[in-house]
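Derivation of every value follows stated rules applied to the coordinates shown; laboratory data play no part. None of the values given here were measured: they were computed from a predicted structure. Cβ atoms come from the backbone with ideal geometry, glycine included; neighbour counts cover every protein chain shown.
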Amino acid sequence: MSAPEKTCGPCQACCVALKIDAPELRKPSGTACVHLAMQGCGIYETRPSVCRSFLCGWRLLPELDASWRPDLAGVMLLELPQSQLPKTYRNSGPGWVLVILDGEKALNLRLAKFAARLVKRNAAVFISAMTPRLPLNAQLQAPVAAGDMKAVLAVLRRAHDALLPARNARGLGRIWALYRAQVDRMRATMQQRRP
Ligand code: SF4
Ligand code: SF4
């Protein structure tokens, strides 16, 4: 259940970053949904159930404050159901994908500590850059056991670097820059409307 005070606002990261493969809507990851308009979802009232039911990790996890909203944090946390996890992790709750939208913003000690908390409770952890995801648990075990958050962050950075060629090959950096520009415009408009 989402924390009641959290709303998506101008974020829309999931409308761009995620692959959607539902009968009523299909799109690849890293591509803006055809229904995404200047003011947000252009079919909000009639948006498909796959959109109505989706909440990112920031919406789901009460402990994450407002600064973790994906458009602000540069990372979207994607919950994975147990059915999609390797067997070893199925008794440890959902898995999580750290979907890195903006490496400069996202890859910091705060994210390293979050990943470390997941690894400590044997949750499956993956990283993606709007690309196929890479598993992280094996690489994170030793630095997490040592309590070395700088080393945890180094693992995240190396994994992200390994994903960048695939991200760049699809032109996702440019798509993300366009998304950022739109979100900035929406945020400015929302601020102007505030009394
Ligand atoms: S990524 Fe999360 S906060 Fe952003 S629009 Fe989607 S559900 Fe809302
Ligand atoms: S239909 Fe609307 S909510 Fe769903 S992905 Fe497209 S823009 Fe986002």
Practice item. Note down the nm distance, to one decimal, between modelled labels 7 Å out along Cα→Cβ at residue 21 and at residue 92. Key: 2.5
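If each DSSP helix of 4+ residues adds -39,500 (n - 2.57) and the sum is divided by the residues in the chain, what number results at 222 nm, nearest 500 deg cm²/dmol? List each step's numbers first, then the result.
On the way: 9 runs with 85 residues, N = 195.
Result for the chain, helices only: -12500 deg cm²/dmol.
Work out which helices of the chain, taken as complete DSSP H runs, extend at least 27 Å along their axis over the Cα atoms and score a mean Kyte-Doolittle of -1.0 or more, then list them.
On the way: long enough: 149-169 (31 Å, 0.34); 172-193 (31 Å, -0.65).
TM-like helix candidates: 149-169, 172-193.
Based on the alpha-carbon gyration tensor of segment 78-153 and its eigenvalue square roots a ≥ b ≥ c, which shape applies: rounded if a/c is under 1.5, prolate if not and a/b is larger than b/c, or oblate?
Values: a/c = 2.10, a/b = 1.16, b/c = 1.81.
Taking the square roots of the gyration eigenvalues as a ≥ b ≥ c, segment 78-153 is oblate.
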**Study point:** For the chain: lysine pairs under 26 Å (alpha-carbon distance), excluding those fewer than 8 apart on one chain
**Key:** 14
Practice item. In a Gaussian network model over the chain where Cα atoms closer than 10 Å are linked, find which of 20, 43, 175 has the largest mean-square fluctuation. Key: 43
